[in-house]
Amino acid sequence: MRMSKHLEYVNCNLCASEDHKTLEVFTSSDLENVNKSLVSLRKKPLYVPKNQFYVVKCKNCGLVFLNPRLNKGALKIFYESFYSKLLKGKNVSFESSVYSSINLSQEKGRLKEIQNLNPLAKKILDIGAGPGHFLSVAKKEGWKVYGQEYSKAASRIAKREFGIHIYVGEIDNLPYPDNFFDIVTMHSVIEHTIDPSKYLQIARRKLKPGGMVVFSVPNLYCFDYLSSKLLILSYPGFIFEHLYYFSKKTVSAFLKKTDLQLICLTSKHHSRPNLPEVNNFPSNNFGPNKLELFFDQLTKSKDKSLYIRMRIYLFASRLAKEFLEYNHYGGMLKLGSIFYVFAQKPIRENQK
């Protein structure tokens, strides 16, 4: 089979090994919506055979990633179209996504966590700043804010809505000096990048000695993933734009590789986005008469065992999420779907 020009095969970003095993194969309905929008705009679709993606695990270090995956050019088409509000469909439309309007509770919570750990910090760089929501809150709190983003459309939104200038371009070409920032943040960014190691290395270089990098990444071995495997279901947390999935072990390995010292790792966070829906995955909103509707849908279901397992999964996931992701003590268990990582650049550069 001929390789799609929109896909690429890669080695492990953590240890460079070529040896991996397949964990799961999933079909992306999101990519189908992206392609429908692109075709309606008379643009070429992003071709991926059967819209299928392979989740693999490195046999050497345990890093989990998509292979093959969309290449840099294909990802650029997707993100620029997303922020330009050209795409239609749930999860791929900017207007209907969690990113379209500012979530003040989320952004204030993120900033407060940083201030608690580094109360004297005032100069911050947000890599993958999107439309500038987080930086707008930091700006109001008196921070000197700087941002980087690949999407020109997202940068324009930040300028128009918040008066924030965000640098548009490659992270390698950031127009800021080394040893300059107190804080570098990457909220839900690293898993979208083709080279997580490079992002952490550059973040470290831009930090002052003793400065802090804060980033969030998907935690593969979370309650949702483990319960989906127990119930013999496809995991709905796999999406085509997440190129990497992490564990406590691989987060620690990335920090060691880039000479950053872990301060805190937790699954407590301040965002409440819904996971992408899986085809035929039922909604957890039963309506006024939950039991009656449950049995009505069960009766109509062709695979009653699958339907019951999906319901159990959704119910357990909702209950667990409240404790594991929005509670301090639950976050310490590190079983939520997101890791929040706080790490420090060594105060002395010779500490290697």
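No value in this document is a laboratory result; all are computed from the given coordinates. Only a predicted model underlies this, so the values are computations on that prediction, with no experimental measurement involved. Because the Cβ atoms are built from the backbone with ideal geometry, glycine has one as well, and the counts that use them run over all protein chains shown.
Laid out as a table, the results:
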read-out	value
Structure-based [θ]222 nm, the chain - -39500 (n - 2.57) summed over DSSP H runs of at least 4, per residue, nearest 500	-11000 deg cm²/dmol
Order of Leu314, Leu14 under a 10 Å beta carbon neighbour criterion, fewest first	Leu314, Leu14
Extended-chain gain in nm, criterion 0.36 nm per residue less alpha-carbon gap, Lys304 and His165	44.7 nm
Semi-axis lengths (Å, descending) of the ellipsoid that matches the C-alpha gyration tensor of segment 7-83	27, 13, 9
In range of the label at Lys72: residues from segment 168-210 whose backbone nitrogen is under 12 Å from the point 7 Å along Cα→Cβ	170-173, 194-195
Spread of Cα-to-Cα distances over 20 Å intervals beginning at zero, given as percent, for the chain	28, 60, 12, 0
Cysteines without a disulfide-compatible neighbour (Cβ-Cβ under 4.7 Å), the chain	Cys222, Cys264
Additional length obtainable on full extension of the chain from Tyr329 to Gln261, 0.36 nm per residue less Cα span	22.2 nm
Ranked list, fewest to most other Cβ atoms within 10 Å of each Cβ, for Val10, Val48, Val213	Val10, Val48, Val213
Cross-link table Lys108/Lys345; Lys108/Lys334; Lys5/Lys229, entries beyond 31 Å C-alpha to C-alpha	Lys5/Lys229
Euclidean distance between Cα centres, segment 145-178 to segment 8-22, Å	31 Å
Relative packing of 163-170, 297-304, which averages over residues the other C-beta atoms within 10 Å, highest first	163-170, 297-304
Proximal lysine pairs, segment 7-83, alpha carbons under 19 Å, eight or more residues apart or interchain	9
Kyte-Doolittle mean at least 0.5 and Cα axial length at least 30 Å: DSSP H helices in the chain	none
Those residues of segment 223-252 whose amide nitrogen sits under 15 Å from the label point placed on Glu24, 7 Å along Cα→Cβ	223-247
Ascending count of other beta-carbon atoms within 10 Å, so fewest first, for Met186, Met3	Met3, Met186
Sites Lys36 and Glu80, calculated FRET efficiency, Cβ-Cβ separation with R0 22 Å, nearest 0.05	0.80
